[in-house]
Amino acid sequence: MRTLTLDRQGGRKAKALACLCVRSAAPEALLPGVRRAGTVCARHAPADMAAEAPRSQAVPGPGRLLLLLAAASVPLARAQGDEFRPGQWGAAAAGGGATAAAQGRRYLLYDVNPPEGFNLRRDVYIRVASLLKTLLRTEPWVLVLPPWGRLYHWQSPDIRQVRIPWADFFDLPSLGKNIPVLEYEQFMAESGGPFIEQVYVLQGYAEGWKEGTWEEKVDERPCIDQLLYSRDKHDYYRGWFWGYEETRGLRVSCLSVQGSASVIAPVLLRNTSARSVMLDRAENLLHDHYGGKEYWDTRRSMVFAQHLRAVGDDFRSKYLNSTDEADKMPFAEDWTQMKVKLGTSLGGPYLGVHLRRKDFIWGHREDVPSLQGAVKTIRSLMETHKLTRVFVATDAVRKEAEELKRLLPEMVRFEPTWEELELYKDGGVAIIDQWICTHARMEASSFGASPAFGFVSDLCSVDAGSGLKGPWSFWGTERTFQMEKQPTLGHRALDGEAAYLGTQSTGLGA
């Protein structure tokens, strides 16, 4: 590989520079024309990379690539004072590599309301995947996966939890068996840089929805709320963009939308020729076919990353006497090949408990039991189902966790070391918790907690619709619902009036 840099030559300062630092774990790109290559790449590259090589050198070796693209390698047009232009490198390099292979396809990106948690974000992926399938019937598109980060429930200090690729949490080949997907760093390398040609901010209608016939519609309208984007000196749009400060939007406008995800397909196919289109606030789109085959195909494709599943399986084996063979819960890496006979799964010989605390107490005071009340319910369930082990997944603060251990000494928790927490991040630890809970013979959760429905939904991926034996329990201060596990069809209340059909929210942390 040849590395080209453009610095001071002949007394002339180079203004046109694109510096793209790519690394397998956390690739980072830098806005062209802002700083000199020597200082910028060294400052933003991981520390071990900076130590291994001089500032303007390429670093060979697995997982590392430092690519400096400058005016010396491609002629730059003299627009806006010789600044690098979006798409310029992609056009110049179109003769080979990944860019050539991707000629003709378009990129769909999306984001959601920043405060939303892991739960809602997974659910929005299902909606956007349905939209992508609609687009693919007309022309080639690929879904660019929005990097993870800045979630409220990820509160461990001193751990960098932004720009997290999907591969840290999910198995990308499994996602790819359902729809074509790309990590964001791959998109930047393939499309020509950190530029998104069109950003649509999705919103409702200012006049709201009046009673009467439901109508699906979408219209370009003035923005109702103040945009969270600002123009830079080059007239590009700055925004959150998943923590990638160098990313810019070329055009931003607002769309009022009312309806399912595919209602916006005509806009993307006919109203814009932009090669890359981002849908911000994508949670405003509804499911195309909630609970149908397409829905569950996408949901089942969202297989957790193998390294996280391995940690969970090892914990089950060591502390809960639980294995796939003994629990009659066979698992295949290829979700499209998982075929399990209804009612054959047993589940591990333990009770899985999801106990919400912290902010959940503030918003659900009447539904959240005291620790003493929770322990009383847990012991009752263990006795009823003849279980001697209990696994607890909780966001309780240390003082509450110690009190819970005192009241329930037989409980076990997955408590990562600092090194494990730094490696898996808070999101990965939550997934490990969820993986262990979904293998339990019986599960209990705080009433109204969306992760509880995530456990149910994950059973559909783990158990492929086999229908585990044993009920679910959602506890509150005055209500308990026993839920028969029927992952394919939904969850039917055995006592009480509530019925939970399907599972809209999936995941942890919301």
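The values are calculated or read from the model by the stated rules, or taken from the named source; none is laboratory data. Owing to the predicted nature of the structure, the values given are computational and were not obtained by experimental measurement. Virtual Cβ from ideal backbone geometry, glycine too; neighbours counted across all protein chains shown. The accessibility values were calculated without ligands, DNA or RNA, using every heavy atom of the protein model including side chains. Shrake-Rupley method; radii C 1.70, N 1.55, O 1.52, S 1.80 Å.
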Worksheet entry | Carbon/sulfur fraction of accessible area - region 213-333, other protein chains in place, 1.4 Å, % | 47 percent
Worksheet entry | ³J(HN,Hα), Karplus 6.51/-1.76/1.60, whole Hz, each residue of region 416-424, x for Gly, Pro | x, 6, 4, 5, 5, 5, 5, 6, 8
Worksheet item: Where does each of 272-278, 234-240, 213-219 land if you order them by average Cβ count within 10 Å, highest first?
Response: 272-278, 234-240, 213-219
Response to the item:
Under the Karplus relation with 6.51, -1.76 and 1.60 and θ = phi - 60°, whole-Hz ³J(HN,Hα) for region 263-271, x at Gly and Pro, equal 5, 8, 4, x, 5, 6, 8, 10, 8
Discussion item. Whole-Hz ³J(HN,Hα) for each residue in region 217-222, computed from phi via Karplus 6.51 cos²θ - 1.76 cosθ + 1.60 with θ = phi - 60°, x for glycine and proline: what do you get?
Written reply: 7, 8, 9, 6, 9, x
Fill in: Euclidean distance between Cα centres, region 213-259 to region 165-201, Å
19 Å
Fill in: Amide proton proximity set for Val252, modelled H, under 5 Å, gap of 5+
Val199
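In whole Å and largest first, what semi-axes does the C-alpha gyration tensor of region 103-294 yield when each eigenvalue is scaled by 5 and square-rooted?
24, 20, 19
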Fill in: Distance violations [Cα-Cα > 26 Å] among Lys405/Lys425; Lys328/Lys425; Lys399/Lys425; Lys293/Lys318; Lys386/Lys425; Lys293/Lys341
Lys328/Lys425; Lys293/Lys318; Lys386/Lys425
Discussion item. Taking the Cα centroid of region 264-288 and of region 377-397, what is the distance between the two, rounded to the nearest whole Å?
Written reply: 45 Å
